[in-house]
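Structure first, then comments.
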Amino acid sequence: MADRPYHHGDLRSALLASAERTLAERGPAALSLRELAREAGVSHAAPGRHFKDKQALLDALALSGFQRLQAVLEQAVNTQNTAGADTEAYLLALARAYMGFALPNPALLDLMYARKHDSDISDQLAAAVGDLLAVVLNTIAEGQRSGEIGEGDPAAIAFTVASTLHGFASFSADNTVEDIDESLESVVSLLMTGLSPR
């Protein structure tokens, strides 16, 4: 058997893409750096240059997921900015964007929120979660400024909204929710009723 080359155009990205496919199809236990190297057509040692072990690969996948989800949420907010939307429309856009990412990627979402991450990357993951919450927090703070959301700690409110969206995504991924968009509208409407000034 001929030796496989060590170099690859963008090996890190190729490994992450392949790992994400494997994660979605067969779960985290099926991930193997050696198998990913074989699929990429490189030597079995080549992935070690980017990931010291399987856990480092999983951590990188989780971090990538958070970064992609944040980009999706920011795009949803920016779209609403151009439409002159009210706070409920912003929250519904965020909710739809969250579902649009979460539902096709349940295994990745599970990995993102797993507690078993290496301590070397925990600060980066914590920052990524913070950045994600900041998108929701900005919407809540703007809703408070406009008088559409009542007084209170905007961070606590944002955490409540984000937790609701994540819970809804978990139920939806298990096919518990029949009409996702209609149910999502109801959930956001109920959230706004609870968040409105008294």
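The values are calculated or read from the model by the stated rules, or taken from the named source; none is laboratory data. The structure presented is a predicted model; accordingly, all values stated were derived computationally and were not measured. A quick note on method: Cβ atoms are made from the backbone with ideal geometry, for glycine too, and the neighbour counts reach across all protein chains shown.
Taking the conditions exactly as written (among the aliphatic types (A, V, I, L, M), without any contact (Cβ under 8 Å) to a residue 12 or more places away in the chain, in the same structural domain as residue 177 (by TED's automatic domain parsing) and more than 18 Å from residue 19 (Cβ to Cβ)), does residue 97 satisfy them or not? When the stated conditions are applied, residue 97 does not pass them.
Every residue, every condition in (1) free of Cβ contacts under 8 Å to residues at least 12 places away in the same chain; (2) crowded, with 19+ Cβ neighbours inside 10 Å, yes or no:
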{"position": "20", "(1), (2)": "no, no"}
{"position": "25", "(1), (2)": "yes, no"}
{"position": "30", "(1), (2)": "yes, no"}
{"position": "41", "(1), (2)": "no, no"}
{"position": "51", "(1), (2)": "no, yes"}
{"position": "57", "(1), (2)": "no, yes"}
{"position": "69", "(1), (2)": "no, yes"}
{"position": "90", "(1), (2)": "no, yes"}
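Scanning region 86-102 for residues that are within 10 Å of the chain's Cα centre (by Cα) and of a type in the set (Ser, Thr, Tyr) turns up just one, 98.
Yes/no per residue for (1) in contact with a helix residue (DSSP H, G or I) (Cβ under 9 Å, 6 or more places away or on another chain); (2) of a type in the set (Val, Ile, Thr); (3) without any contact (Cβ under 8 Å) to a residue 60 or more places away in the chain; (4) farther than 17 Å from residue 90 by Cβ:
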site: 125; (1), (2), (3), (4): yes, no, no, yes
site: 129; (1), (2), (3), (4): yes, yes, no, yes
site: 135; (1), (2), (3), (4): yes, yes, no, no
site: 147; (1), (2), (3), (4): no, no, yes, no
site: 150; (1), (2), (3), (4): yes, no, yes, no
site: 164; (1), (2), (3), (4): yes, yes, yes, no
site: 175; (1), (2), (3), (4): no, no, yes, yes
site: 183; (1), (2), (3), (4): yes, no, yes, yes
site: 192; (1), (2), (3), (4): yes, no, no, no
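So is residue 132 touching a His at 6+ places or on another chain (Cβ under 7 Å), surrounded by 15 or more Cβ atoms within 10 Å (Cβ to Cβ) and under 19 Å from residue 110 (Cα atoms) or not? In short, no. Residues considered: 162, 126. Of these, the only one that is assigned by TED's automatic domain parsing to the domain that holds residue 90, surrounded by fewer than 18 Cβ atoms within 10 Å (Cβ to Cβ), of a type outside the set (D, E, K, R) and outside any loop (DSSP other than H, G, I, E, B) is 126.
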